[in-house]
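Novice: Okay, here's the structure, questions in a sec.
The values are calculated or read from the model by the stated rules, or taken from the named source; none is laboratory data. Quantities reported herein were computed from a predicted structural model and do not represent experimental measurements. Here Cβ is always computed from backbone atoms with ideal geometry, including for glycine, and neighbour counts include all displayed protein chains. These accessible areas exclude ligands, DNA and RNA; they are computed on the full protein's heavy atoms, side chains included. Shrake-Rupley method; radii C 1.70, N 1.55, O 1.52, S 1.80 Å.
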Amino acid sequence: MNFNSTDIHSFRDIWVFCEQRDGKLMNTDFELISEGRKLADERGSKLVGILLGYEVKDIAKELGGYGADKVIVCDHPELKFYTTDAYAKVLCDVVMEEKPEVLLIGATNIGRDLGPRCAARLRTGLTADCTHLDINTKKYIDFLSTSSTLDVASMSFPMEDTNLKMTRPAFGGHLMATIICPRFRPCMSTVRPGVMKKAQFSQEKADACQIVMRHVELSPEDLKTKVINIAKEAKKMVDLIGADIIVSVGRGISKDVDGGILLAQKLAEAFGDGVVGGSRAVIDSGWLPADHQVGQTGKTVHPKVYVALGISGAIQHKAGMQDSELIIAVNKDETAPIFDCADYGIAGDLFKVVPIMIEAIKETKNA
Amino acid sequence: MRIYVCVKQVPDTSGKVAVNPDGTLNRASMAAIINPDDMSAIEQALRIKDTTHCQVTVVTMGPAPAEGMLREIIAMGADDAVLISAREFGGSDTFATSQIIAAAIHKLGLGKEDMIFCGRQAIDGDTAQVGPQIAEKLGIPQVTYAAGIKKSESLILVKRMLEDGYMMIEVQTPCLITCIKDKSIKPRYMTLSGIMECYSKPLLVLDFEALKEEPLIELDTIGLKGSPTNIFKSFTPPQKGVGIMLQGSDKEKVDDLVDRLKTKHVI
Ligand SMILES: Cc1cc2nc3c(=O)[nH]c(=O)nc-3n(C[C@H](O)[C@H](O)[C@H](O)COP(=O)(O)OP(=O)(O)OC[C@H]3O[C@@H](n4cnc5c(N)ncnc54)[C@H](O)[C@@H]3O)c2cc1C
Ligand SMILES: Nc1ncnc2c1ncn2[C@@H]1O[C@H](COP(=O)(O)O)[C@@H](O)[C@H]1O
């Protein structure tokens, strides 16, 4: 096959790898397709989804509803469950033939397994866990003006540049870095789940989306791993990423852990259908299960309201919640760093403040 | 059988982090630690050694002072160590790093039953890319996010974590496995005899000369210049404007808050 990753002018279109589990599309697919649509418009190119699985043709159209012009479906029994071998082979084969300019992959536990494997095979760069993407330089400058402390006005930029500019947190969120991959194609990045905004679904666009079935070749020699079984955690996962209201607790609940979590639940209910999150200290102590963790190594959330109870506001925690629309913090230490990113701060004991808050909100709502 | 464990020395980002005026990290001001996920990889390898007496070789690519870290890991129970260190390798991104480490392991030899363990990700970049990229370059299968590794006969069984559960995966050797922290994998301490002996165990240094002829090395994709990805800009995010600290008694603060939320139509 004549594939040469340095022949950068022969690559076009924006592609999104669309992950499915149990034959269902993931939320990250819709987020990435929505983001990919913007990039395709900036670049004046097509947006293509690529979907691997078994008997998944029927779910492909939905991707069109969020902006995909076309979905390539690779259907094969060996693709029913994710294995690195099968998925990397199929994805790389198609990419080598079709040469997309950009390939986005959700930074899930599966995407972060597949992405680097494919980037190495395709001989191109990969940027992990991106939280912001631009192609258009002017848009990138606008982004820097609002999201950095750089003096953008005094800097010069290559305005004609068409590299994908991939921005991600580094060093535990202490720094942001924008990465480019100028000499190789495709430009690949894995994108953090929950960060990109999902577009409005359009049935009309979904109906218009082109579905292309592709022949898949896989031989037993290609497969060196075997999935013996898949176990799902029995409990229901909390949907932190989709929640409008999140009340998170930190080590500040330590003197009465159960009482503190109960207060958080009641406050989340009082606001209306909220969910409870936690800092890593809470997860590490085993007070809440891991899927409740907010932060750099937990989830990135941007609810309408984020309430932090007894959380100090370490940079790794802020990395996951500082883009919430409205932040309320309760901490008995008035110098806690969490107050630096809170819209409203209450210095006080959460065990005293929160019960009053629950009552006051209920009263207001009933009034 | 031999297990290579790839470990990286990283700045401890859990404490205060100093940033230079130009937006780069002031590494000199921070403590260097063994990357936390790599501790799990070491422990998993040593557990297999406990029952099979295989050879455990620690591999790192980094500046010369990383030798101290390698000696510590030998004191925990590893047999020998490899330090890959050259000015030409500095500034490598994950593509370049994995190429160099893969070339080094290839040079040392990867037998039919051998394995490579990595941490899932290093806390300085959090990329989780080097492991899978080493595996691809060596043409061997990989399993990432491993919370448990069992070896029986020639069979390797790995518990691979997903966001909402896990998969049990059977993998053929040689293979590469990336390890995560888990309650069941508490890294052991250095032993007294280990500390006594750690300076008498072999430590091989591989420099540019030693690796440049290796078939896996492509001279145009190593180091800062050759890395496919480059930093275009780095910056610090602006501090969000400090909000309002509400005043008065607890009750007054809460009432003030609720009023403001009402005006904003939040409640
Ligand atoms: C690589 C790395 C990744 C990390 N990732 C994450 C992550 O994803 N998410 C995360 O959260 N952390 C993460 N951390 C950990 C982070 O650095 C902090 O250690 C952690 O967020 C602290 O949790 P905390 O605020 O609950 O606890 P603490 O820092 O102990 O703070 C407790 C706070 O509660 C207050 N308090 C105590 N009692 C009361 C009371 N009665 N009423 C009101 N306030 C009270 C105290 O004043 C204090 O400010 C990470 C760290 C590292 C090194
Ligand atoms: N310079 C290095 N030397 C040895 N191992 C490394 C190096 N960089 C990364 N690794 C290994 O690859 C894993 C993932 O690193 P990263 O892709 O940087 O997040 C680490 O946990 C290490 O096991």
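Novice: Suppose every Lys and Arg Cβ carries +1 and every Asp and Glu Cβ carries -1, with no other charges. What dipole size does the protein assembly as shown come out with about its Cα centre, to the nearest 20 debye? Walk me through the numbers before you get to the answer.
Specialist: Details: 74 positive and 84 negative charges, 83 e Å.
Dipole magnitude for the protein assembly as shown comes out near 400 debye.
Novice: Here's a follow-up. Do you know the relative contact order of the stretch A:7-128, to the nearest whole percent, from alpha carbon pairs under 8 angstrom that are 6+ apart?
Specialist: 30 percent
Novice: Classify the stretch A:8-222: rounded, prolate or oblate, from the alpha-carbon gyration tensor (a ≥ b ≥ c, eigenvalue square roots; a/c under 1.5 rounded; otherwise prolate if a/b is larger than b/c)?
Specialist: prolate
Novice: A further question on this structure: Carbon and sulfur atoms: what percent of the 1.4 Å accessible area of the protein assembly as shown do they account for?
Specialist: Numbers: 13780 of 26840 Å².
On the protein assembly as shown, the fraction of accessible area on carbon and sulfur atoms equals 51 percent.
Novice: Compute the signed sum of charges (Lys and Arg +1, Asp and Glu -1) over the other residues within less than 13 Å, Cβ to Cβ, of A:L223.
Specialist: Every neighbour counted, the sum reads -2.
Novice: While we're looking at this one, here's another question. Antiparallel as a % of all DSSP beta bridges within the stretch B:2-226, to the nearest 5?
Specialist: Antiparallel: roughly 40 percent of the beta bridges in the stretch B:2-226.
Novice: If you average over every viewing direction, what projected area does the convex hull of the Cα atoms of the protein assembly as shown give, in nm²?
Specialist: Projected area, direction-averaged: 29.6 nm².
Novice: Same structure again: For chain B, report the accessible area per residue in Å² (1.4 Å probe, heavy atoms, rounded to an integer).
Specialist: Working: 11930 Å² over 267 residues.
Roughly 45 Å² per residue, with all protein chains present.
Novice: Which sequence of B:Y166, A:Y306, B:Y199 reflects their accessible areas, 1.4 Å probe, from the largest down?
Specialist: Heavy-atom accessible area, descending, gives B:Y199, B:Y166, A:Y306.
Novice: So, one more: Kindly state, to the nearest 0.05, the FRET efficiency for A:I228 paired with B:Q247, given R0 = 56 Å and r defined as their beta-carbon distance.
Specialist: 0.40
Novice: A:G250: net charge of surrounding residues, Cβ under 15 Å, Lys/Arg +1, Asp/Glu -1, itself excluded? Mind showing how you got there, number by number?
Specialist: On the way: positive: A:R251, A:K255, A:R280, A:K318, A:K332; negative: A:D256, A:D284, A:D333, A:D349.
Around A:G250, the charge tally is +1.
Novice: Okay, moving on. Taking K and R as +1 and D and E as -1, what net charge do the other residues with C-beta under 10 Å from the C-beta of B:D207 add up to?
Specialist: That sum, taken over residues with Cβ under 10 Å, equals 0.
Novice: Which parts of the stretch A:353-367, residue by residue, lose 50 Å² or more of accessible area when the rest of the protein chains are there, as against the chain isolated (1.4 Å probe)?
Specialist: Checking the loss per residue gives A:I356, A:T364.
Novice: At 1.4 Å probe size, with every protein chain present, just tell me what the per residue accessible area of chain A comes to in Å².
Specialist: Numbers: 14910 Å² over 367 residues.
Heavy-atom SASA per residue in chain A reads 41 Å².
Novice: Still on this model: Hey, got the Cα dimensions of chain B along the principal axes, in Å, largest first?
Specialist: The principal-axis extents, from largest down, are 70, 42, 38 Å.
Novice: A further question on this structure: Largest first, what is the accessible-area ranking of B:R120, B:R27, A:R117, B:R47 with a 1.4 Å probe?
Specialist: Listed by decreasing accessible area, they come as B:R27, B:R47, B:R120, A:R117.
Novice: Each residue of the stretch B:230-238 in turn: what ³J(HN,Hα) in whole Hz from Karplus with 6.51, -1.76, 1.60 and θ = phi - 60°, glycine and Pro shown as x?
Specialist: 10, 7, 8, 8, 10, 7, 9, x, x
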